[in-house]
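Presented below is the structure to which this report refers.
Just so you know, all these numbers are worked out from the coordinates, no wet-lab data involved. For clarity, every value in this text was computed on a predicted model and none was experimentally measured. As a convention, Cβ positions derive from the backbone with ideal geometry for all residues, glycine included, and neighbour counts pool all protein chains shown.
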Amino acid sequence: MLHQTLALIPACNEAERIGPVLAGIRRRAPEIDILVVDDGSADDTPAVARAHGARVVRHPFNLGYGCALQTGYHYARRHDYQRVVQLDADGQHDTASLPELLAELDRGADVVVGSRYLSDAPPATSLMRRVGSRLFSWLVTRWTGVRITDPTSGYQAMNRRALDLLALDHFPEDYPDADVLIMLSRFGLRLREIPVTMHERIGGVSMHRGSRAAYYGYKMFLNLALLPVRRTSPFREGRDIAAARTGG
């Protein structure tokens, strides 16, 4: 049976916040399946997710946001999903915007980025984050030829063509942002950005706070500098063949 759409939610210690997110998805798009990738939570995140009818894949310990996403991408490919919409577990991404992200795929986009900065009431952010976002926005826009105002947005939708690329070895395990969008564009995928509703964080820990912000800037510039010479692992084809034979 060929599945259609999967909602992918990476989560770590989000038991107090993930419930309303899952309920919102069920209300806005009851026809799609939901996968929660639990990235080594120490709380009841998996139990809450299952109680809301989501499928759960667990990492034995915390591997990072990018690894959680790629686990979901591999799950989607192996279960024949044709589209994925990804959103955070903390409630920042309003599920009211989910149908429009998917509709943009129907209009011909391969990857749709939800931008908080195109909405009428964007959430408040720190000065450092605004400056960094504008810098990387400029870089992504110049490199791809597509205006991207929110390159750090994790609220995205993608089709199977994008999934096949995102499951490759060079997907970053920590901060998959501007470099991933540029990589997808270099492979010829059609990127689009639409306004979405995002809320201020009500709990949890941001990936871009404190010293992490400085590391993020360093890592992103390094990744962008290496993009022109980065190559896919020569062992990827062999692993794909082995996986196909075993059904994994």
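Backbone phi angles across segment 48-53, fed through the Karplus curve with coefficients 6.51, -1.76 and 1.60 (θ = phi - 60°), yield HN-Hα couplings of 5, 4, 5, 4, 9, x Hz in residue order; Gly and Pro are listed as x.
In this structure the amide hydrogen of residue 88, modeled in the peptide plane, comes within under 5 Å of the amide hydrogens of 93, none closer than 5 places in sequence on its chain. Each label was represented as a point 7 Å from its Cα along the Cα-to-Cβ direction; for residue 186 and residue 135 these points are 2.1 nm apart. Length gained on full extension, residue 51 to residue 160, computed as 0.36 nm times the residue gap minus the Cα-Cα distance: 36.4 nm.
Over segment 18-87, all Cα pairs binned in 5 Å intervals from 0 give whole-percent P(r) values of 3, 16, 27, 26, 21, 6, 1, listed from short to long.
Across segment 181-198, coupling constants 3J(HN,Hα) worked out from phi with the 6.51/-1.76/1.60 Karplus curve, θ = phi - 60°, read 4, 5, 4, 5, 5, 5, 7, x, 6, 8, 9, 9, 10, 10, x, 9, 8, 10 Hz, and Gly and Pro carry x.
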